[in-house]
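Following: one structure in structure tokens, then a few remarks.
Coordinate-derived values only; no laboratory data. Remember, it's a predicted structure, so these values are computed and weren't measured experimentally. Glycine gets a Cβ as well: all are built from the backbone with ideal geometry, and neighbour counts include every protein chain shown.
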Amino acid sequence: KAGVTQTPRYLIKTRGQQVTLSCSPISGHRSVSWYQQTPGQGLQFLFEYFSETQRNKGNFPGRFSGRQFSNSRSEMNVSTLELGDSALYLCASRGMRVQTGELFFGEGSRLTVL
Amino acid sequence: KNQVEQSPQSLIILEGKNCTLQCNYTVSPFSNLRWYKQDTGRGPVSLTIMTFSENTKSNGRYTATLDADTKQSSLHITASQLSDSASYICVVSAGQAGTALIFGKGTTLSVSS
């Protein structure tokens, strides 16, 4: 069973640009969530999608947005990039048994903003 | 306010030694608690899940405990190996459906030879 796939793995952008990250969940998983991880801050929840609907949203500015497609693949977009957006962005999927709470993470997309 | 606090923030031990990581939570209603291991530059991977009725659960050299009364969990690593060097993240599920997740900031463990 293929795991969660995130693309691209690494990217470098400059301030003011925008970026789109992609996440393909484990087959059959309908929940996809996104996280920002920076040194010392741990995992910060961005948003969660379930069956193409945003179910939960973290405390991030409107420059961060996402969407989920009918095949459960998800994208997140960050517009008007700032230096502080440099981070590892992780995507995770969950199966139908959401009560167990297990997240299956991808390898992440490491964004560097110059 | 739902919170998860982990200690210590970082830890250095010699290979072969044991160590214990702590997780204190104030989450209500509690659904379950999970420990994740995150190697540098990789995504976290679940080590174990603890539900309300469970006190101890082992996964190889990793043993997790849960005290629901004091709202504390620990992760004990026995006979540490260099490959145990990683961040360990405590995640608590809240709510009836367990859909709300509260993350600790993690403990960074370094095992040296």
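Give the average, rounded to an integer, of partner chain Cβ atoms located within 10 angstrom of each Cβ in A:43-53. Intermediate results must be reported in sequence, preceding the final value.
On the way: counts 11, 2, 4, 0, 0, 3, 0, 1, 0, 0, 0.
Taking the mean over all residues of the peptide, I get 2.
Averaged over peptide B:52-60, how many Cβ atoms belonging to another chain are found within 10 Å of each residue's Cβ? Kindly include the intermediate steps, with their values, before the conclusion.
On the way: counts 0, 0, 0, 0, 0, 0, 0, 0, 0.
That average works out to 0.
Using modelled amide H (1.01 Å from N, peptide plane; none on Pro or chain starts), what sits under 5 Å from the amide H of A:Ser31, excluding residues fewer than 5 places away?
Hits under the 5 Å cutoff: A:Arg94.
Stokes-Einstein D for segment B:1-95 at 20 °C, 1.002 mPa s, Kirkwood Rh over Cα pairs, in µm²/s?
It diffuses with D of about 157 µm²/s by this estimate.
Which cysteines does chain B leave without a neighbouring Cys Cβ under 4.7 Å?
Unpaired cysteines in chain B: B:Cys19.
What trypsin sites (Lys or Arg not before Pro) in segment A:12-114 are in a loop by DSSP, with at most 12 other Cβ atoms within 10 Å of the Cβ?
On the way: sites: A:Lys13, A:Arg15, A:Arg30, A:Arg55, A:Lys57, A:Arg63, A:Arg67, A:Arg73, A:Arg94, A:Arg97, A:Arg110; in loops: A:Arg15, A:Arg30, A:Arg63, A:Arg73, A:Arg97.
In loop regions of segment A:12-114 (DSSP not H, G, I, E or B), the sparsely surrounded trypsin sites (Lys or Arg not before Pro) are A:Arg15, A:Arg97.
Please give the direction-averaged projected area of the C-alpha convex hull for segment A:10-114, in square nanometres with one decimal.
Numbers: hull surface 25.5 nm².
So the Cα hull casts an average projection of 6.4 nm².
Which of the GluC sites (Glu not before Pro) found in segment B:1-92 are loop residues per DSSP with 10 or fewer other Cβ atoms within 10 Å of their Cβ? Present the calculation step by step, with values, prior to reporting the outcome.
Values: sites: B:Glu5, B:Glu15, B:Glu54; in loops: B:Glu15, B:Glu54.
Here no GluC sites (Glu not before Pro) fit, given the DSSP loop and packing criteria.
Starting from segment A:1-91, pick out the GluC sites (Glu not before Pro) whose DSSP state is loop and whose Cβ has at most 15 other Cβ atoms within 10 Å.
Hits after loop and neighbour filter: A:Glu52, A:Glu82.
In what sequence do B:Tyr88, B:Tyr62 fall when counting other Cβ within 10 Å, fewest first?
On the way: B:Tyr88 24, B:Tyr62 18.
Final ranking by Cβ density, sparse to dense: B:Tyr62, B:Tyr88.
Residue-wise, which Karplus ³J(HN,Hα) couplings in Hz belong to segment A:55-66, taking 6.51 cos²θ - 1.76 cosθ + 1.60, θ = phi - 60°, and x for glycine or proline?
With coefficients 6.51, -1.76 and 1.60, one gets 9, 9, 9, x, 9, 10, x, x, 5, 9, 9, x Hz.
Any lysines with Cα under 26 Å of the B:Lys37 Cα? List them, leaving off those in the same chain fewer than 8 positions away.
A:Lys1, A:Lys57, B:Lys1, B:Lys17, B:Lys57, B:Lys71, B:Lys105
Within chain B, what is the longest stretch that has no trypsin sites (Lys or Arg not before Pro) placed in a DSSP loop and near at most 12 other beta-carbon atoms within 10 Å?
Working: sites that count: B:Lys1, B:Lys17.
Segment B:18-113 is the longest.
Taking θ = phi - 60°, what integer Hz values does the Karplus form 6.51 cos²θ - 1.76 cosθ + 1.60 yield along segment B:25-37, in sequence order, with x for Gly and Pro?
Ordered by residue, 3J(HN,Hα) equals 9, 10, 10, 8, x, 6, 10, 7, 10, 10, 9, 10, 10 Hz.
If each residue's Cβ is checked for other Cβ atoms within 10 Å, how do B:Ser113, B:Ser58 rank with the fewest at the top?
Sorted ascending by nearby Cβ count, the order is B:Ser113, B:Ser58.
Leaving out same-chain residues fewer than 8 places away, which aspartates and glutamates sit with a Cα under 14 Å from that of A:Lys13?
A:Lys13 reaches A:Glu82, A:Asp85.
Can you give the mean number of other chain Cβ atoms that lie within 10 Å of the Cβ atoms in peptide B:100-109?
Values: counts 4, 11, 1, 6, 2, 5, 5, 0, 2, 0.
Mean shielding count: 4.
Which whole-number percent is the relative contact order of chain B (Cα, under 8 Å, 6+ apart)?
Numbers: 294 pairs, mean separation 41.9, N = 113.
So the answer I get is 37 percent.
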